């Protein structure tokens with residue numbers, strides 16, 4: 001395949017982009033001044049080089065958020081600004097599917113604990129959930145959570161914050177079951193302490209919801225959560 | 001105006017119908033067999049004749065729901081099957097905007113109390129809320145609620161179940177303020193008893209919600225209502 | 001079934017209306033003042049009673065368009081204002097699927113001939129086209145066209161004006177073949193004269209079209225019809 | 001601004017991309033394996049380096065379409081495969097807004113002449129059309145067209161193939177007027193020959209069109225172009 005078709009193909013894998021728009025992207029770049037395309041390439045390289053996967057929560061972050069002097073320095077093993085922030089509640093861990101979910105929650109300003117990013121969701125009927133989400137890594141993380149680097153005590157709550165879509169709910173079930181299993185076993189460091197409780201986000205009417213079109217599940221939850 | 005244009009105009013006031021579709025309705029009726037159009041006319045007349053506005057909750061209902069023998073009998077003053085059902089929780093009153101909202105909630109099976117239908121919502125900036133909703137009637141209803149016909153005791157909770165749209169929230173505010181005023185005054189029959197509490201439906205993630213696209217308000221509420 | 005459900009069912013057969021909106025129509029009528037519902041019923045009855053199917057073009061029309069004095073008078077056998085208008089070109093016949101298509105064309109002011117309304121289209125794979133469209137009636141109409149009542153001469157052109165959708169094109173093919181067959185036979189009154197030519201509406205770019213998204217068929221035709 | 005935000009900003013200028021999706025692109029790239037991002041960057045560089053703006057029609061093309069040995073070789077002054085193809089009709093010039101329109105027309109296989117790409121359209125009310133489209137360049141091109149490099153004779157037809165949107169029609173008017181002016185003048189090399197005729201693409205029903213929803217302009221043209 002020539003480079004034109006191959007580039008189209010790569011753009012067609014960008015989130016939300018189909019073949020036709022991928023072709024428009026290529027045309028667009030062909031028509032941009034050389035300096036602008038050079039800047040795009042430089043920024044992609046720079047962002048990618050500076051991006052680190054946090055060793056604790058697995059979100060992607062730009063190293064110099066942490067004030068590292070050399071953008072090119074080795075950053076493996078470093079933790080992101082949220083995980084490194086000792087003012088955040090070390091006893092609460094929220095599990096999210098993707099970085100964009102984490103950002104949405106940070107933006108709300110309503111959560112002050114720590115995160116773990118699964119890296120995706122498990123489609124219903126999928127046989128190998130471990131290939132879609134960081135399940136093993138999550139369980140290890142929970143295991144060493146309370147005794148690890150920060151040494152700030154016990155894990156008190158695990159909040160499962162996944163989409164209320166079929167895939168999201170399926171993933172919630174898988175993760176919940178797996179965590180229950182390790183909490184029940186001996187390998188979790190819950191010496192002299194209770195197991196952390198597991199919660200899920202409250203269901204109810206979202207902003208802009210119309211009762212006429214609300215499903216019974218949402219109405220039940222909205223009634224149960226009335227205040 | 002000729003009858004054709006006038007009929008189009010009337011159809012154009014049906015919910016969700018514009019002038020073009022109204023015209024298609026007229027064409028459609030013109031092409032239907034005479035017997036079918038006669039049946040439509042008969043049913044409209046029948047449904048309208050049999051429809052009563054419940055004297056208590058103000059929803060529309062068909063009188064023979066109640067086993068009335070003569071569909072043409074005078075039905076003013078009768079109450080609907082929900083208001084007449086003494087097994088429903090007489091201490092809880094849910095305020096909804098429209099009959100369709102009430103139906104949505106009934107369908108969920110999650111609510112066992114009584115209703116009051118406002119008959120609409122108050123648009124933001126609207127100067128005369130009393131013309132859009134049955135506010136006066138609601139206040140009278142609350143006033144006599146606990147001592148009225150059923151005589152089953154005290155009103156314990158008023159649930160405001162309006163859409164979480166701007167108009168819905170605005171209406172919630174207006175209704176809440178008006179109720180507070182009468183609850184604070186002497187005119188409510190809360191002799192020897194506490195005022196009823198006022199609640200609103202719980203906010204949170206509705207079914208199918210995606211965190212990435214959830215607004216901060218919804219996330220805050222979903223976190224607050226986690227369980 | 002009770003009259004409420006039956007009325008919902010009838011509304012759900014109105015063009016473009018689903019079960020949910022049908023229910024909203026019923027609620028809407030239940031909440032209208034009795035006088036307004038009575039007017040609706042009166043107008044439906046009036047329009048239906050006054051509507052005649054033109055004996056020539058088969059479109060629906062209101063008799064008093066023609067200045068009939070009594071709206072309730074027997075109108076079978078009458079022709080609509082277009083068919084009765086001797087100033088229109090009697091040698092051109094346009095075949096359309098529905099009354100709304102005819103109205104669209106009349107509104108353009110670009111056509112001055114006569115019409116024939118098929119009453120629908122034939123879905124692809126449909127085995128019995130005669131049940132969906134007035135094919136037999138059309139062929140009789142063409143047969144007697146030039147010698148009939150108006151006696152104004154020969155049919156010179158038949159314009160097939162159907163949607164360019166799959167069903168429309170399928171119907172065009174069926175109608176064209178059937179007309180060809182009778183034009184080839186002896187039974188058409190084309191004594192001493194040529195057969196009428198058959199045409200279809202020109203294909204090309206419609207208003208608001210974007211070349212990037214135009215299909216090859218449309219582009220070919222637009223190029224062929226350039227001017 | 002940091003490189004993350006700047007990269008988001010650049011993606012937000014891609015055709016059809018808003019700020020939210022631009023952010024998702026950045027997240028997506030952050031999460032891709034380094035080798036994949038490297039391939040993307042390599043292909044963008046390669047495609048951009050190999051892309052030439054045709055000196056005649058101004059479309060973008062990849063030089064090795066023409067069999068150039070060195071992709072990095074100087075390509076200015078070269079012409080694209082269409083302009084260089086002497087088998088194409090040298091007497092017909094089609095004016096299009098964008099490369100994607102040209103591709104759409106090539107795909108239809110219905111056109112065998114040459115092209116000129118304007119590079120955009122002129123929005124209605126725009127005061128400086130020359131900044132939006134290659135008008136000066138087009139006029140020069142037409143001027144030297146018949147006597148230039150190919151030396152194959154006279155320009156016989158100029159086809160204006162722009163969208164039938166308001167901006168497209170406005171651009172058609174501007175270009176038509178400008179061409180008329182030079183054709184009327186002395187400066188065009190139409191020695192001993194007639195001026196080329198100017199045509200626009202035929203209007204009519206596009207594939208899938210429904211008569212009921214067709215505007216009068218489209219119906220008029222479809223009738224005028226019937227065949």
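Nothing in this text is a laboratory measurement; each read-out follows from the coordinates by a stated rule. Here the structure is a predicted model, which is why all the values come from computation and not from measurement. Using ideal geometry, Cβ is built from the backbone for each residue, glycine included, and neighbour counts are taken over all protein chains shown.
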- Given label points at 7 Å from Cα along Cα→Cβ, what nm distances, shortest first, separate residue A:5 from the same residue in every other copy? 4.2, 5.9, 6.2
- Message: Defining the label point at 7 Å along Cα→Cβ, can you sort the distances from residue C:89 to the same site in each other copy, shortest first, in nm?
- Response: 2.8, 7.5, 8.0
- Query: Peptide A:34-47: average number of partner chain Cβ atoms within 10 Å per residue?
  - Reply: 6
- Message: What percentages make up the Cα-Cα pair-distance distribution of the stretch B:86-224 when the bins are 10 Å wide from 0?
- Response: 11, 38, 35, 14, 2, 0
- How far, in degrees from 0 to 90, does helix D:166-184 lean away from the longest principal axis of the Cα atoms of chain D, to the nearest 10? 50
- Just from its helices, what would the mean residue ellipticity at 222 nm be for the protein assembly as shown, if runs of 4 or more DSSP H residues each count -39500 (n - 2.57) and the sum is divided by every residue, rounded to the nearest 500 deg cm²/dmol? -12500 deg cm²/dmol
- Query: Helix B:19-31 versus the longest principal axis of chain B: what is the Cα-based angle in degrees, 0 to 90, to the nearest 10?
  - Reply: 50
- Mind computing the radius of gyration and Dmax over the alpha-carbon atoms of the stretch A:3-49? Å is fine for both. 11.3, 30
- Task: Please give the average number of partner chain Cβ atoms lying within 10 Å of the Cβ of each residue in D:104-116, rounded to a whole number.
- Result: 4
- Message: Can you tell me the orientation of helix A:99-108 relative to chain A, as the angle in degrees between its alpha-carbon axis and the longest Cα principal axis, to the nearest 10?
- Response: 70
- Exam field: residue C:126 pseudo-label spacings to other copies (7 Å along Cα-Cβ), nanometres: 4.6, 4.6, 4.6
- Message: For the protein assembly as shown, take every pair of Cα atoms, bin their distances at 10 Å starting from 0, and report each bin as a whole percent.
- Response: 2, 9, 13, 14, 16, 18, 15, 9, 4, 1, 0, 0
- Task: Taking the rotation that carries B onto A, look along its axis and tell me which residue of B has the beta carbon nearest to it, distance in whole angstrom.
- Result: B:204, 2
- Only Cα pairs under 8 Å and at least 6 apart count here; give the relative contact order of chain D as a rounded whole percent. 13
